[in-house]
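Contents: one structure, followed by commentary.
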Amino acid sequence: NDQWTAVTFAHDLAEKMKELIERKATFGTYHITNQGNCTWYEFAVEIIRYSGLQTRVIPITTQEYGSAVHRPTSSILKSSESLPPWQDALRRYLKEIGYEH
């Protein structure tokens, strides 16, 4: 519940990369993510909600999780290109794999 991220739907990323190639965009480094950000807890809650499941998600801190991997509390990239909001991308992904609510 204390790690923030910007999630990216691979389909949206691939479409944006195709667009950049087709318009012969300037060579360089691009950060491309869906709009918005969330904690991993918020992401999990939305997955459960959009899936229509009745699963309780309990927020925990990184310390409570006990991972040996040290991660920053914020891994949010500022996107160079505009993609739809992550919530929309998540709904489309879940529908694609058959978890439409």
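The figures follow:
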{"item": "Selected residue [among the polar types (S, T, N, Q) and free of Cβ contacts under 8 Å to residues at least 12 places away in the same chain] from Gln87, Gln63", "result": "Gln63"}
{"item": "Segment 68-98, subset over 30 Å from Thr29 (Cα atoms) and open to solvent by 70 Å² or more (accessible area, probe 1.4 Å), residue modelled with the lowest pLDDT", "result": "Ala68"}
{"item": "Candidates Thr29, Thr5, Thr39 - the one that is closer than 23 Å to Thr73 by Cα, of a type outside the set (D, E, K, R) and at pLDDT below 95", "result": "Thr5"}
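The values are calculated or read from the model by the stated rules, or taken from the named source; none is laboratory data. Treat the numbers as computed from the prediction; the structure is a model and nothing was measured. Note that each Cβ is placed from the backbone with ideal geometry, even for glycine, and that neighbours are counted across all protein chains shown. Keep in mind that these areas ignore ligands, DNA and RNA; they rest on the heavy atoms of the full protein, side chains included. Shrake-Rupley method; radii C 1.70, N 1.55, O 1.52, S 1.80 Å.
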